Amino acid sequence: MQTATLQGRSFAFEKWLPSLLMLGLLAYLVLVPLVILLVSSVKPTGMPLDPGWTLDHFAETYSDPAFYRMAGTTFIFAIGSAMGALTIGILMAWLVERTDLPARGFVRVMILLPMATPPVLLAIAWVMLASPRTGFFNEILSPLMGEGRHLFDIFSMQGMIFVESLSLAPTTFLILSPAFRNMDPNLEEAARTSGAGIFTMIRRVMLPVLFPSLLAATGLLLMFGLLVFDIPGTLGMPVGIFVLSSQIVYLVNDAPGGLAEYGPISAMAVFFLVILLMITWGYRRATRNASRYVTMTGKSFRIRPYKLRRWKAPAVTFVSLYFFFATIAPIAILIWTSLMPYQAGVSLDMIPKMTMANHMAFFANSRAMSAAQNSVIIGGLAATIVALLSVLVSWLVIRSKAPGRNLIDLLSFLPLAIPGTMIGVALTYVYLTLGSLPIYGTIWIIVIAYVTTYIAFGTRTTHNVMLQLSPELEEASRASGAGWFRTMRRVVVPLTLPAIVAVWIWVVSHCLRELSSALLLQGFDNKTVPVLLWGYWTGGEPNKASAVGLWLILAMIILVSAWQILSARGRLVGVKA
Amino acid sequence: MLDIENLRVEYISASARHLAVDDISLSVKDGEFFTLLGPSGCGKTTTLRCIAGLETPQGGRISIDGNPVFDATSGKAMPTQKRDISMVFQSYAIWPNMSVAENVGFPLEVKGMRRAERRRIVDRTLEMVGLTSQADRPATMLSGGQQQRVALARAVIKEAKVLLLDEPLSNLDAKLREQMRAELRDLQRNVGTTSIYVTHDQDEALSLSDRIAVMHGGKVIEVGTPHDLYLKPRNLFTAQFIGEAQLFPCRPLERVGDGFLVETSFGKILAKVNTDLGGEATHVFVRPEHTEFVDPSSNACNVLSGRIVSTVFSGKHVEYDVETTCNQRLSVSASSANLRTPGDEVSLRLPPDNAVLLAGTA
Ligand SMILES: Nc1ncnc2c1ncn2[C@@H]1O[C@H](COP(=O)(O)OP(=O)(O)OP(=O)(O)O)[C@@H](O)[C@H]1O
Ligand SMILES: [Mg+2]
């Protein structure tokens, strides 16, 4: 029998095939839009397949002082809201995880509400609450201020930063609370028994331990701040405060010449892309070693909460104020407005005029219903694709010894650095020039945009789970004679299912609230609910916008709660919103 | 049955290359219980994983029952699932999403066996490992010992030619380990599969195996039956790793009858094991439990006189530390029937039949 030949393929081929397929797919999703964006920035017409090459767009853009003003505004906005969200998030995480704050469990649940509120709705609600003339807070305070003066102006940089901070705080909280929770109390106690005061303790013991998580949170918040469109679009655009995203939307949809100016848009985008890639790189470095610092000794310890004593009242006030500003007040004003026949301030006189007409209209309106249908279909498709793709990517990156797995990891992470607006613009190029795939203006182009955008989140979550899954479970399946497909179907997928479902729900909920890509990619019949809502709002129909928004929030609350429950069950830590 | 030739596994990390398996050749016979024994990190698991196809070696050939499954020169490797092996993992690797019966029946499910027939065989196998009553419980609710049995049943049910076991008893407590050891041996005898067993526990290796390969630093140092490795090891490392051995440097003198006389720091010793080494012998040893206390008046050979320095009582045995008249420390392990106390003057005999010659550097 010694002459029997060895059946089985040469391992070189077997090794490369899955990697090549996955790299091809990711390159198509991630690299093609990026490359086309770059190419179009050096084309005279701004369309990637048109003839000629030019550096004029760069010369023009980078010699224009307005560009630097816009860049400055973007950075101030991003840094300001990152600092705001960090301040709120750190304090809340510490209060909830390490102190004897009353109703800590309730706070953990309540934090889901601001997460379920789409940023665009938060911004709209805050316009109703604090616009200079008709804002509710300004109105009730006007007797104090005197005629013609107002306390708050939400249409300002401070307003934008304020609302963005409120909207990003839950993310910060979710990233930081595991770090606070897992911090070994012995460290704190050792510091205090050696005579260190509370500030020394924070500086010498807590900060170093929390540092990697803080760094990761800061990186992520800066990225979000640089990318986000909803809030600066709602609060800044009307008064001419432009950040990158709103500038792009403005140049595409409302260009002064009537035609979208893709050349300058791309030239501008390149600058931000470089900065975002740098932050992404830093973020990856910070998170790679994060687990090394967080003390997860496995030995159980009981946390002795820090006694707040006379600080209890201020702490409770702080937490209550956050929830008041981030959810209660905005949702209340949205409810009020949605019940009004026309835009009207809050007053007793208006109560008899309350009507359900706006809500009825939403359900009766065929355009609204088709938007809802689009949103559901897009969300379902994108989420399913992202969930499956994430499991495969994580399996390849974490589990297999496939060559090129680091590149796969990088490609799946890169979209975190690409603003939704840029993906919107890039996909416009791709599918306007690639005539062969006629999906421009359909829901499919939005599905592709969302898969690209959310693959980074999906893979981070499935990476975590895959790391917790012992490789021997898979090896045992192979040793039992099962091939790759059966091993995936019977072992890997069932064991990662809670995480997969969590990813799915997270992606659905984000697809439901995403505005910027959908706005740029909207065509005849692919309007989503946020685009519809944005249309009502910018078209001067705040009552309809509020009604639609409330139903959207309700759907979001259900999804986000389901996501949290499943995440907790799947033991995921540090997931981001 | 299982043939390994010149197996070589190298791990290349950022800083260094590390030979985990360094040119190993083994030949395991049909139905044999073959153990890989060695200290932590010597490459046992790596070797086993190469046989299973979970690791790709850089060099060598492996064949199972005459069928090549790996050949580095042609670069061909048969994937794990196609190899005629089954494996018990150190962590058991019980799938928490399946019941006990589903776990055990999985290899049959893979073969495409019908549900009813599968259940019949699963029930029979579970009975063999004494888990019949647990069949439909979720696998996660079992105790360590029960999980171990599930893992074993799952491996046995596949009826593969070669059964691979990676320290299957190391996660159990001492009592349970003893019990499982006996069960494992019985099971293997009944099923009759060729088994490759990995352990770093010499007691386990000695009591279970037909043959043992002693490994060290990625190499196979010595292969032999438990009996031979214990009583007449050929290698200094084996002598010290299996059982206790105090090696004494020696100078060979002359052949005397069926023994060989060597000179040590405490006098001349006659050794009757490994006398074929003859003039090459560098060390001699007698295991503490083979050393005897004798009557001081005895004029047999290999007798030393000395004084007990300290004792350690462990129930079954007493370990004595003895200092001979020429200041050589020896340890002796004797039955606790006859207790001696520190300070006692004693005479020791190193029986020539148990005095083993070795050649090499310690
Ligand atoms: N994936 C790997 N990467 C790098 N080095 C490895 C890897 N796996 C094992 N090694 C190294 O190879 C050597 C042999 O490892 P192996 O796991 O085979 O040891 P072992 O004999 O099974 O030890 P133990 O009894 O502790 O299980 C060790 O030095 C180990 O550090
Ligand atoms: Mg091992």
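Can we say B:Ser195 is away from ligand 1 (no atom under 16 Å from the Cβ) and surrounded by 16 or more Cβ atoms within 10 Å (Cβ to Cβ)? So B:Ser195 passes the test.
Taking the criterion of being within 14 Å of chain A (Cβ to nearest Cβ), open to solvent by 10 Å² or more (accessible area, probe 1.4 Å) and more than 27 Å from the chain's Cα centre (by Cα), the residues of the range B:126-148 that qualify are B:Pro138, B:Thr140. If only residues of the range B:61-93 that are facing chain A (nearest Cβ under 8 Å) and of a type in the set (Val, Ile, Thr) are counted, the one that is farthest from B:Arg49 (Cα to Cα) is B:Val69.
Yes/no matrix, rows are residues, columns are (1) within 14 Å of chain B (Cβ to nearest Cβ); (2) touching a residue at least 12 places away in the same chain (Cβ under 8 Å); (3) more than 18 Å from A:Ala426 (Cα to Cα); (4) open to solvent by 10 Å² or more (accessible area, probe 1.4 Å):
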residue	(1), (2), (3), (4)
A:Ile445	no, yes, no, no
A:Thr459	no, yes, yes, no
A:Arg478	yes, no, yes, yes
A:Arg489	yes, no, yes, yes
A:Leu495	yes, yes, yes, yes
A:Asp525	no, yes, yes, yes
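Of the residues making up the range B:99-120, those that are facing another protein chain (nearest Cβ under 8 Å) and in contact with a helix residue (DSSP H, G or I) (Cβ under 6 Å, 6 or more places away or on another chain) number 1.
Among the residues of the range B:263-288, just one is in contact with a helix residue (DSSP H, G or I) (Cβ under 9 Å, 6 or more places away or on another chain), charged (D, E, K, R) and open to solvent by 40 Å² or more (accessible area, probe 1.4 Å), namely B:Lys272.
Scanning for something surrounded by 16 or more Cβ atoms within 10 Å (Cβ to Cβ), more than 13 Å from chain A (Cβ to nearest Cβ), assigned to a helix (DSSP H, G or I) and within 28 Å of the chain's Cα centre (by Cα), does the range B:149-171 turn up at least one residue? Checked the range B:149-171: at least one residue is surrounded by 16 or more Cβ atoms within 10 Å (Cβ to Cβ), more than 13 Å from chain A (Cβ to nearest Cβ), assigned to a helix (DSSP H, G or I) and within 28 Å of the chain's Cα centre (by Cα).
Only one entry in A:Leu207, A:Leu215, A:Leu226 is part of a helix (DSSP H, G or I), under 21 Å from A:Gly420 (Cα atoms) and modelled with pLDDT under 90, namely A:Leu226. Applying the condition of being at pLDDT 90 or above and over 19 Å from B:Val162 (Cβ atoms) to the range B:6-18 and asking which residue is farthest from ligand 1 (Cβ to nearest atom) yields B:Asn6. Scanning the range A:214-243 for residues that are surrounded by fewer than 24 Cβ atoms within 10 Å (Cβ to Cβ), within 19 Å of the chain's Cα centre (by Cα) and not hydrophobic (A, V, I, L, M, F, W, C) yields A:Thr218, A:Gly219. Here B:Cys42, B:Cys50 are screened, and the one residue that is part of a loop (DSSP other than H, G, I, E, B), within 25 Å of B:Gln188 (Cβ to Cβ) and within 16 Å of ligand 2 (Cβ to nearest atom) is B:Cys42. The numbered conditions (1) closer than 25 Å to A:Thr496 by Cα; (2) at pLDDT 90 or above; (3) open to solvent by 20 Å² or more (accessible area, probe 1.4 Å); (4) within 16 Å of ligand 1 (Cβ to nearest atom) are all true for B:Glu109 except (4).
Residues that are away from ligand 1 (no atom under 12 Å from the Cβ) and polar (S, T, N, Q) were ranked within the range B:54-67; the one that is least open to solvent (accessible area, probe 1.4 Å) is B:Ser63.
If the condition is being within 14 Å of chain A (Cβ to nearest Cβ) and either within 15 Å of ligand 2 (Cβ to nearest atom) or under 15 Å from the mean Cα position of the chain (by Cα) (or both), then the range B:12-24 contributes no residue at all.
Out of A:Leu473, A:Leu521, one residue alone is modelled with pLDDT of 85 or more and either among the aromatic types (Phe, Trp, Tyr) or open to solvent by 10 Å² or more (accessible area, probe 1.4 Å) (or both). It is A:Leu473.
Just one of the numbered conditions (1) assigned to a loop (DSSP other than H, G, I, E, B); (2) farther than 18 Å from B:Asp166 by Cβ is not true of B:Tyr92: (2). Of the residues making up the range B:266-286, not one is at pLDDT below 85, touching a Pro at 6+ places or on another chain (Cβ under 7 Å) and not small (Gly, Ala, Ser). Within the range B:25-53, count every residue that is within 11 Å of ligand 1 (Cβ to nearest atom) and either open to solvent by less than 30 Å² (accessible area, probe 1.4 Å) or within 14 Å of another protein chain (Cβ to nearest Cβ) (or both). Residues in the range B:25-53 being within 11 Å of ligand 1 (Cβ to nearest atom) and either open to solvent by less than 30 Å² (accessible area, probe 1.4 Å) or within 14 Å of another protein chain (Cβ to nearest Cβ) (or both): 12 in total. Annotation: of all residues in the range A:533-550 being surrounded by fewer than 23 Cβ atoms within 10 Å (Cβ to Cβ) and of a type in the set (Gly, Ala, Ser), the one that is nearest to A:Leu512 (Cα to Cα) is A:Gly535.
Counting only helices (runs of 4 or more DSSP H) that fall entirely inside the range A:244-330 and contain at least 1 residues that are at pLDDT 75 or above and crowded, with 18+ Cβ neighbours inside 10 Å, the qualifying elements are A:244-253, A:262-288, A:312-323. Within the range B:249-262, does at least one residue satisfy the condition of being surrounded by fewer than 18 Cβ atoms within 10 Å (Cβ to Cβ), acidic (Asp, Glu) and either farther than 26 Å from B:Leu339 by Cβ or modelled with pLDDT under 85 (or both)? There is at least one residue in the range B:249-262 that is surrounded by fewer than 18 Cβ atoms within 10 Å (Cβ to Cβ), acidic (Asp, Glu) and either farther than 26 Å from B:Leu339 by Cβ or modelled with pLDDT under 85 (or both).
The values are calculated or read from the model by the stated rules, or taken from the named source; none is laboratory data. Everything numeric here is computed off the predicted structure, so don't read it as measured data. Note that we place each Cβ from the backbone using ideal geometry, even for glycine, and neighbour counts take in every protein chain shown. Heads up: the accessible areas ignore ligands, DNA and RNA and are worked out on the full protein's heavy atoms, side chains in. Shrake-Rupley method; radii C 1.70, N 1.55, O 1.52, S 1.80 Å.
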